Amino acid sequence: MVNNNIKPTLMKNLHSLNESRLLNLEFGQHFKSIVNNIALIGDATVITDPIVQSYVSSLKTKALDYDNAMLQIVKSDETLKIAHADMLRDDAIKSALRYLLVFELTKDASKKLAYDSLDTVFKTYKGLQTFNYEQETNGLVNLVAELNTPKYAAHIAALKMQDYVAEMETTNTDFNTLFEGRTQEVAVKVVYDVRTMRKEIQTISKDLNGYVLSLAKAKPTDLQYEKILNVINTVRKYYSDLLAKRKPIKKGEIPVPIPPMG
């Protein structure tokens, strides 16, 4: 439970949290904690803003739907494996993009040429890791094939990105092997739904966070916004701190989930 008596910091900001790193179970727990603890604000400060109430109500509804989907997922080892394999290939794409970005400001002419050329290719596939399963699979096949053509292979070699390209190809192949071998169409559909739900919940949360942060700064005497921001940041910090402490795992393993807030 979040302690609403925690004194807020003087500088109002949103605590950093990479929500994409949260496992499906952790993702749902994170937003339920925010909704539940906002509901506990009710001492001398009552949430009267109808816009905040609407955001929180929508977040609560989406979180309940997400919980129901998760209950179906945990009944199937197959869906867990598919979801995890998809996360691994998403991470492979992100790793390649982060590594490529290192050369954005290089003064080495040949490396800058390689960066500019490869950056153009990757931009063609922007947002690939957010596509649905078949689209991402086909997109990765095309991306890897393009990067392996003579035109770009030399640039890949110049930046020593061969391992990153190989990782994208391998994780995509591993995912597709699982996906093509599925035997439960309903279970696979649930995984699809969860990806969509995560996007919807993140959108509502982003809007709520932005609105509350803006009002907390603009109306410092109206404590409802400061209290809500304090709840949001306390929950975000809890998950951010434990993500930072999570030990690296071997490929294919699933990390131990972060326990719900006490």
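The condition (being among the hydroxyl-bearing types (Ser, Thr, Tyr) and either touching a Leu at 6+ places or on another chain (Cβ under 7 Å) or at pLDDT 85 or above (or both)) is satisfied by just one residue among Thr171, Thr183: Thr171. In summary, helices (runs of 4 or more DSSP H) completely within region 92-162 and bearing 3 or more residues that are out of contact with any Asp or Glu (no Cβ under 9 Å at 6 or more places or on another chain), among the polar types (S, T, N, Q) and without any contact (Cβ under 8 Å) to a residue 40 or more places away in the chain occur at 133-147. Within region 92-103, if we keep just the residues that are buried (at least 17 other Cβ atoms within 10 Å of the Cβ) and under 15 Å from the mean Cα position of the chain (by Cα), the residue that is farthest from Leu140 (Cα to Cα) turns out to be Ala92.
Consider region 3-37 and keep the residues that are modelled with pLDDT under 90 and β-branched (Val, Ile, Thr). The one that is most open to solvent (accessible area, probe 1.4 Å) is Thr9.
Only one entry of Lys75, Lys107, Lys81 meets the criterion of being among the charged types (D, E, K, R), open to solvent by 70 Å² or more (accessible area, probe 1.4 Å) and modelled with pLDDT of 90 or more, and that entry is Lys107.
The values are calculated or read from the model by the stated rules, or taken from the named source; none is laboratory data. Here the structure is a predicted model, which means the values were calculated and not measured. Please note: Cβ atoms are built from the backbone with ideal geometry, for glycine as well, and neighbour counts cover all protein chains shown. When the accessible area is computed, the model is the full protein with side chains, heavy atoms only, and any ligands, DNA or RNA have been set aside. Shrake-Rupley method; radii C 1.70, N 1.55, O 1.52, S 1.80 Å.
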